[in-house]
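The values are calculated or read from the model by the stated rules, or taken from the named source; none is laboratory data. Computed from a predicted model, the values in this text were never measured in an experiment. Cβ sites come from the backbone with ideal geometry, for glycine too, and all protein chains shown count toward neighbours. The area values use the complete protein model at the heavy-atom level, side chains included, leaving out ligands, DNA and RNA. Shrake-Rupley method; radii C 1.70, N 1.55, O 1.52, S 1.80 Å.
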Amino acid sequence: MKLILSTSNIMSGGPSVIRRHIFEKSNIELTSSLLANCTAHQSTPPISNTTNGTLPSKPSYKSWTTQQDSALWIPTHIASPLVEPREAYDITVKLFYLPNIPADRRCVQTREAIDLVLKELGASSIDLLIVSFPGMSFDADDEESDLDDPPSAPMSENDNEADAGDGAPEDIDTMLTTWRTLETLHSEGLVSKLGIAEFNVTKLEKFLSQTKVKPSVNQINVRDCCVVPKPLILYAKQQQIELLTHNDCTNVLPPGTLREILGSGDKGVGVLAREGETGDGVEKLKGDVEPQWVVKYTAVVKDRGVVESKGYFAVAELRD
Amino acid sequence: MGLLALGTPLEWPEAKKVAGQVRSWGIEQLLAIWQNAKGKERDALLWGDEIEYLVVCYDEENRKVRLSLRQADILEALANDEKLIAEGGGVPEVQRGPVKEAEITAPVFHPEFGRFMLEATPGKPWGIGFKDLLSVEPDMKWRRTIAKDHMAKEEYPITLTTFPRLGSPDCIVPSYPVSGPKLRSQFVPDEIANPHIRFPTLAANIRWRRGRKVELNVPIFKDEKTQWPFKDPTVNYDLHQWPEDDDVRNGAAKENHIYMDAMAFGMGSCCLQITFQAKNIEEGRKMYDQLSPLGPILLALTAATPIYKGFLADTDVRWNQISRAVDDRTPEELGEKPLEHDRWRLPKSRYASNSTYISQDARLRPEYLDPDLVIDKDIKQRLIDGGMDDLLATHFAHLFIRDPIVVFAEDLQDLDLSKADHFENLQSTNWQHMRFKPPPPGSDMGWRVEFRPMEIQITDFENAAFSIFIVLITRAILSFNLNFYIPIARVSENMETAHVRDAVSTQKFWFRKDPFSSHSRSSGTGTSTPAETSRPATPSGPVEDEYEQMTINEVINGQTSSSSSSSNFPGLIPLVESYLNSMNVDVETRCELARYLDLIRKRADGTYWTAAKWVREFVKGHEKYQGDSVVGDDICYDLVKAAERITKNEGRDGLGKEMLGRRR
């Protein structure tokens, strides 16, 4: 079964769980806001009292999720379209392809992701689509400095997993195969500009020579933005590629993290049963979750610099 | 401060007779503007900064520095600079060039109250494009260069809030005798003020309405050898030129205080003010309210005013001095005499912190408002009859408790509803720390909000940093729908706290613990998500539980998560960073912005000093300083020279590194 997780708009009225973590890396923002959105849809808040060791029973997932065709929406989702005319906005979408997922699924996944975002925002096109290939990081120092970060709750044990264990970067040819899909979206007018993330000069040179539609944007982690190598700056300028900053981590949704969110532990929302759990009377799903992709969308009112809508969708497969 | 039309100003007794008429016409004009513009929508964010300079004049031979009164000559030179005009710059009140649409427009210059002051603004407003943000600092530097180019070679535009020895003997050039008919000050001549008739009239009528001179008593900083009790040795008790010379004999000069007696001591201060255009009136009202609690924080963080009239003061900021310098309240209004002729007691000067909130925001609890707010009930009724809502009507009915100070006879012939002169007469002489500005009639401008508490900084790097910080804060407020509401009385209390010497590292300020909204976005932006609307409204507990006392560091950089409380205040800088992380920002811009945010972060955590602290330390370390709180001519000369050098080198040569760090 396909699971579609969503955060809704995380900008306004951030639920309590976001508050402490909204400033951390994107992975924390994603996981906290997924949790918070689920919590908000459950009639009783589940994470209320864990001091006495007993958990209050959570409502059945069926009461706050929606099954539609072969997909389960977690939680039940209603789109919140943008208010002002489309041309008032800059809509940026970043699509994270996840490690260990066959690249040949990406064509379908990309369409699916764009479709979700367009429906959510009530728009017919997006301005910038950035794709993040698994295992890419800007330079080797990256990972070390990541590990220096103090681990932060609630997903602390998965923090390292978020940055490690994401496999080696794939070869340029695989990326180019994916890129053909994006070029098609571009030619269909669904996407005005394309972007990539964490490319250094060597990779860029190889990549660019084989693209029909050149990326307009290369995103670099914000920690490194003041030490961007001169050659990259010059090359990007020459190729008219804008170097933008981001603060996402490389693997935004490791399987363990998703399992924990959906699971029945004290940090989970109680959709998935525990290993060997016979059930405490509340119906739960069973099986292995395999995260497929994550998409982040941001709609900014151009001439006011106000972020009106920002959120994520994460899609996973649940297998018996 | 724009120049208003010339005319025949009424002396106070005449002006007083027509005050009611001016108010009533002002309210009619306001209603006309409001009716016209309340539906204005989707205006872009445009914003502007104002930099004010002191023009100093060095006397190298005698190692003296004085204030130069050549404002008019400098402005004339600027207005006659053909190259500047061709680039779109100049002096709007006299002559300026056309604003360039797609290219750079040269800055424009304005007169100010003090005849030793100059104000410069960008040639056209800034937008929110991040490239625009990077143009601010070079533009500020360009302004200073242009200003300097139109001055004499011994003159220089410095950005100290106040001239350290203003009001001391021989502190201005050319020299004029003190005790003139308008100011009647025993320390500064009438010629200290801009000669445009509006300014001397303003000063004279404030004094006249008040029934005595304005009184500024700043606590003296008690150093090891300061005479104690301190009796300001510069006060002359034997003057008999004007009736107001009795003021000091009646105890106007307080013990242990530096005493000053003229508007120039306050309105002669330089500030850093930022004005924003909102998308519509609702957004403007929201920004006004949400920026209001930040005022005292930014005042303390930009503290730069430790010296008055040649003495070290025991306060760090200018605010209350300006407040007293334009305080036109009568003894009855002040509560010193029983109310007989006046209408009410007034707890605040017309220059003071905000007194009310104005946003129609579900998060604005009635408990935040001041139950004793003084308003003109008739005016409020007229506004409500005209269709205005209660909150906004209350705001204007509060501003309109004041009398117009400068009234021109020519303006009283007919009421012109297509103008704003009578409304602006009251509006622009209410100097609160925020100002809510309706669109000028006949322009396509939107509703604007002015953020007024910040002190000017010595370098343009700092001035750009604070300007941009405030701009980014407004974007974070609107994007995250942040809630900074605390009771308005606490904001006023914070404003006082901000005056304390080194408040930035020693004091705590009332601040809201949780800035995230418990309510969905107000209608209008209409982006509430289903999750929010389906969630039951959070029950509101006691207002007192919503806020606590925080250090400036905690407000700016966030409370550490060591405490068990889950609602640690995240900090203004992290909020701004979080906003930036949601935006497409190019690496170069992000890097530049990081420099600015780093300055503010480190000012707040004490790594870098405020200008106030740096100036204090400079004085204390000066070889001529006697440990007696006196800032003499030699020290003043070296201090102003040092300020100029810091302006140019920004700490790169080591001077001022305590304020700026080691700049690259």
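What the table below lists for this structure:
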quantity: B:N584 vs. criteria open to solvent by 40 Å² or more (accessible area, probe 1.4 Å), more than 14 Å from every other protein chain (Cβ to nearest Cβ) and either at pLDDT below 95 or farther than 29 Å from B:P219 by Cβ (or both); calculated: no
quantity: Wholly enclosed strands (runs of 3 or more DSSP E) of the stretch A:64-123 bearing at least 2 residues modelled with pLDDT of 95 or more; calculated: A:71-74, A:89-97
quantity: Helices (runs of 4 or more DSSP H) contained entirely in the stretch B:250-320, each with at least 1 residues that are open to solvent by 10 Å² or more (accessible area, probe 1.4 Å); calculated: B:264-267, B:281-291
quantity: Pair list, Cβ under 7 Å, 6 or more apart: the stretch A:73-91 residue at the interface with chain B (Cβ under 9 Å from one of its Cβ atoms) and without any contact (Cβ under 8 Å) to a residue 12 or more places away in the chain, other residue part of a helix (DSSP H, G or I) and not polar (S, T, N, Q); calculated: A:I78/B:P530
quantity: Every residue from the stretch B:374-387 that is in contact with a helix residue (DSSP H, G or I) (Cβ under 6 Å, 6 or more places away or on another chain) and not in a helix (DSSP H, G or I); calculated: B:I375, B:D376, B:G386
quantity: Selection within the stretch B:388-405 - among the β-branched types (V, I, T) and part of a loop (DSSP other than H, G, I, E, B); calculated: B:I401, B:I405
quantity: Condition met for B:D634 (more than 14 Å from every other protein chain (Cβ to nearest Cβ) and not in a helix (DSSP H, G or I)); calculated: no
quantity: Positions within the stretch B:561-574 being modelled with pLDDT under 95, outside any loop (DSSP other than H, G, I, E, B) and open to solvent by less than 20 Å² (accessible area, probe 1.4 Å), in sequence order; calculated: none
quantity: Test: A:E275 is open to solvent by 50 Å² or more (accessible area, probe 1.4 Å), away from chain B (no Cβ under 14 Å), assigned to a strand (DSSP E or B) and not hydrophobic (A, V, I, L, M, F, W, C); calculated: no
quantity: Counted residues, the stretch B:354-373 - those being in a loop (DSSP other than H, G, I, E, B) and either among the hydroxyl-bearing types (S, T, Y) or in contact with a His (Cβ under 8 Å, 6 or more places away or on another chain) (or both); calculated: 9
quantity: For B:E658: the one exception among (1) without any contact (Cβ under 8 Å) to a residue 12 or more places away in the chain; (2) closer than 21 Å to B:T162 by Cβ; (3) acidic (D, E); calculated: (1)
quantity: The stretch B:430-445, subset surrounded by 16 or more Cβ atoms within 10 Å (Cβ to Cβ) and either among the acidic types (D, E) or in contact with a Pro (Cβ under 7 Å, 6 or more places away or on another chain) (or both), residue farthest from B:Q35 (Cα to Cα); calculated: B:H433
quantity: From the options B:G387, B:G442, B:G446, residue that is on the phi > 0 side of the Ramachandran plot and touching a residue at least 60 places away in the same chain (Cβ under 8 Å); calculated: B:G387
quantity: Residues being hydrophobic (A, V, I, L, M, F, W, C), open to solvent by 10 Å² or more (accessible area, probe 1.4 Å) and in a loop (DSSP other than H, G, I, E, B) - total across the stretch B:39-68; calculated: 2
quantity: Among the candidates A:E188, A:E205, A:E183, A:E198, residue that is in contact (Cβ under 8 Å) with a residue 40 or more places away in the chain and of a type in the set (D, E); calculated: A:E198
quantity: Residue check, A:G268 small (G, A, S), away from chain B (no Cβ under 14 Å) and on the phi > 0 side of the Ramachandran plot; calculated: no
quantity: Residues being assigned to a loop (DSSP other than H, G, I, E, B) and either of a type in the set (G, A, S) or open to solvent by 70 Å² or more (accessible area, probe 1.4 Å) (or both) - total across the stretch B:71-92; calculated: 3
quantity: Residues located in the stretch A:231-245, provided they are open to solvent by 10 Å² or more (accessible area, probe 1.4 Å) and facing another protein chain (nearest Cβ under 9 Å); calculated: A:I233, A:E242, A:L243
quantity: Residue count for the stretch A:208-223, restricted to those that are more than 13 Å from every other protein chain (Cβ to nearest Cβ), assigned to a loop (DSSP other than H, G, I, E, B) and in contact (Cβ under 8 Å) with a residue 12 or more places away in the chain; calculated: 6
quantity: Residue under evaluation B:K337, criteria (1) over 13 Å from the mean Cα position of the chain (by Cα); (2) touching a residue at least 40 places away in the same chain (Cβ under 8 Å), criterion not met; calculated: (2)
quantity: Pairs with Cβ under 7 Å, 6+ apart, first in the stretch B:607-629 and on the phi > 0 side of the Ramachandran plot, second part of a loop (DSSP other than H, G, I, E, B) and open to solvent by less than 20 Å² (accessible area, probe 1.4 Å); calculated: B:S629/B:F221; B:S629/B:T226
quantity: Extreme residue, farthest from the other protein chains (Cβ to nearest Cβ), among residues of the stretch A:297-320 that are of a type in the set (A, V, I, L, M, F, W, C) and out of contact with any helix residue (DSSP H, G or I) (no Cβ under 8 Å at 6 or more places or on another chain); calculated: A:L318
quantity: B:P169 in a loop (DSSP other than H, G, I, E, B) and either more than 27 Å from B:E50 (Cα to Cα) or hydrophobic (A, V, I, L, M, F, W, C) (or both); calculated: yes
quantity: In the stretch B:593-631, the residues that are of a type outside the set (F, W, Y), over 13 Å from B:F469 (Cβ atoms) and part of a helix (DSSP H, G or I); calculated: B:D605, B:A611, B:A612, B:K613, B:V615, B:R616, B:E617, B:V619, B:K620
quantity: Residue count, the stretch B:105-133 (criterion: touching a residue at least 24 places away in the same chain (Cβ under 8 Å) and within 14 Å of chain A (Cβ to nearest Cβ)); calculated: 7
quantity: One residue from A:V228, A:V282, A:V289, A:V294 being in contact (Cβ under 8 Å) with a residue 12 or more places away in the chain, of a type in the set (A, V, I, L, M, F, W, C) and within 14 Å of chain B (Cβ to nearest Cβ); calculated: A:V228
